[in-house]
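Engineer: Quick one: structure below, then a few questions.
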Amino acid sequence: QKEVEQNSGPLSVPEGAIASLNCTYSDRGSQSFFWYRQYSGKSPELIMFIYSNGDKEDGRFTAQLNKASQYVSLLIRDSQPSDSATYLCAAPAGGGGGNKLTFGTGTQLKVEL
Amino acid sequence: DGGITQSPKYLFRKEGQNVTLSCEQNLNHDAMYWYRQDPGQGLRLIYYSQIVNDFQKGDIAEGYSVSREKKESFPLTVTSAQKNPTAFYLCASWDRRNQPQHFGDGTRLSIL
């Protein structure tokens, strides 16, 4: 089982809708989770991180963490065409320290006009 | 401006050749990382360094080497032993006071 799993998509939503991106993880000891946005041909850009159960909101983005069910999600409200990108979920990799991260394969989001 | 600088942006390797990718940061971060990304894939960790003159192998270190002689610099050498080097290479750094990792703009390596 992969440590971090995401549906590769593409996930298509109309402009103005809510996009919901999901990620599951296998290490129950993981304490922090990160969402990165990656445009085609570019490097990942951190958009949200969450440490505690529940929701964390930042502008149009909301990260949700459910440790009991081992999933983390990212909601994007009022989706815009500029949100079209691949979204990578990351969690600390087990063992060895050094703040290593394990990344999911990413979900491609397409926001359609 | 503080940040992570990777160079070159594009790099071509001939068969049997070693090539070195540069990563420099002026953020005063302790830890630095090298990842590889293949098309449609997530990032895989090659090597990481938590402190100067120390580094550890990641998940896919075979065919790669690194050094960490200065806090600001963490170059990655792709050796001829790496048989499938074509990928997007990303360098990241991290500071204990600022949990998330931040990335450079990447180097795209191809084989001639």
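Engineer: Can you tell me which of B:Val19, B:Val66, B:Val78 moves the most in a GNM of chain B? Springs connect C-alpha atoms under 10 Å apart.
Structural biologist: B:Val19
Engineer: For B:Thr86, what residues show an amide H to amide H distance below 5 Å, using hydrogens built from the backbone and excluding near sequence neighbours?
Structural biologist: none
Engineer: Oh, and also: For A:Ser12, what charge total do you get from the other residues with a beta carbon under 10 Å from its beta carbon, if Lys and Arg give +1 and Asp and Glu give -1?
Structural biologist: Surrounding charge for A:Ser12 is 0.
Engineer: Got a sec to turn the phi values of segment B:49-65 into Karplus ³J(HN,Hα) couplings, 6.51 cos²θ - 1.76 cosθ + 1.60 with θ = phi - 60°, whole Hz, x for Gly and Pro?
Structural biologist: 9, 9, 7, 4, 6, 9, 7, 10, 6, x, 7, 9, 7, 4, x, 10, 9
Engineer: Can you run phi through the Karplus equation (6.51, -1.76, 1.60; θ = phi - 60°) for segment A:71-76 and list ³J(HN,Hα) in whole Hz, with x for Gly and Pro?
Structural biologist: Values per residue, Gly and Pro as x: 9, 9, 10, 10, 9, 10 Hz.
Engineer: Still on this model: Can you run phi through the Karplus equation (6.51, -1.76, 1.60; θ = phi - 60°) for segment A:29-37 and list ³J(HN,Hα) in whole Hz, with x for Gly and Pro?
Structural biologist: Residue by residue, segment A:29-37 yields x, 4, 10, 9, 9, 10, 10, 10, 10 Hz.
Engineer: Averaging sequence separations of C-alpha pairs under 8 Å and six or more residues apart, then dividing by the length of chain B, give the relative contact order as a whole percent.
Structural biologist: Normalised by residue count, the contact order of chain B is 35 percent.
Engineer: Here's a follow-up. Amide H to amide H under 5 Å from B:Gly106: which residues, 5+ apart in sequence or cross-chain, H placed 1.01 Å off N in plane?
Structural biologist: For B:Gly106, whose amide H was placed from the backbone, the distant partners under 5 Å are B:Gln6, B:Cys91.
Engineer: While we're on this one: Report, for the protein assembly as shown, the % of DSSP beta bridges that are antiparallel, rounded to 5.
Structural biologist: If I count the DSSP bridges inside the protein assembly as shown, around 90 percent turn out antiparallel.
Engineer: Hey, another quick one. Are there GluC sites (Glu not before Pro) in segment A:1-108 that DSSP marks as loop and that have at most 15 other Cβ atoms within 10 Å, and which are they?
Structural biologist: Answer in residue order: A:Glu15.
Engineer: Counting Lys +1, Arg +1, Asp -1, Glu -1, what net charge surrounds A:Arg28 among other residues with beta carbon under 13 Å of its beta carbon?
Structural biologist: The answer is -1.
Engineer: Return a whole-number percent for the relative contact order of chain A, with Cα pairs under 8 Å and 6 or more residues apart as the contact set.
Structural biologist: Here the relative contact order equals 37 percent.
We did not get these values from a lab; they are worked out from the coordinates using the rules stated. Note that the coordinates shown come from a computational prediction; the quantities given were computed from them, not determined experimentally. Every residue, glycine as well, gets a Cβ built from its backbone with ideal geometry; the counts of neighbours run over all protein chains shown.
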